[in-house]
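Report on one structure; see the data block that follows.
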């Protein structure tokens, strides 16, 4: 079963900005309760959309440069990238259906 790709400051450019498919990024931290609430949904999406999109996670505590670059002020925040640009933003713990609806718009 495909798992979300774990992003870092170092692999961000190759995995996200140079991706030829849409990329969903879950900005999260280990201490964040709402992040743990949406984690199963992110894992399910990684499995369901493995052929059409990259589903990724970025730990904001360990990758502060990227989090700061995109102005992440609260977590969980989900950004969807297409062609290296942010095309959608979701802030907070939301139902899987809302995340999936946003992702589908950009496939």
Restricting the count to DSSP beta bridges whose residues both fall in the chain, what percent are antiparallel, rounded to a multiple of 5? 55 percent
Using alpha-carbon pairs under 8 Å, 6+ residues apart, how would you state the relative contact order of the chain in percent? 37 percent
Determine, for 41, 50, 74, 19, the number of other Cβ atoms within 10 Å of each Cβ, and report the residues in order from fewest to most. 74, 50, 19, 41
Would you kindly calculate the mean projected area, averaged across all directions, of the convex hull enclosing the Cα atoms of the stretch 50-107, in square nanometres? 4.3 nm²
Square roots of five times the C-alpha gyration tensor eigenvalues of the chain, ordered largest first and given in whole Å, equal 18, 17, 13
Kindly provide the helix-only [θ] at 222 nm of the chain, computed as the sum of -39,500 (n - 2.57) over DSSP H runs of four or more divided by all residues, to the nearest 500 deg cm²/dmol? -8500 deg cm²/dmol
Express in nm, to one decimal, how much length is gained between residue 98 and residue 30 on full extension, taking 0.36 nm for each residue of separation and deducting their alpha carbon distance. 22.2 nm
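Where a number appears in this text, it was derived from the coordinates with a stated rule and is not lab data. All values reported here derive from a predicted model rather than from experimental measurement. Using ideal geometry, Cβ is built from the backbone for each residue, glycine included, and neighbour counts are taken over all protein chains shown.
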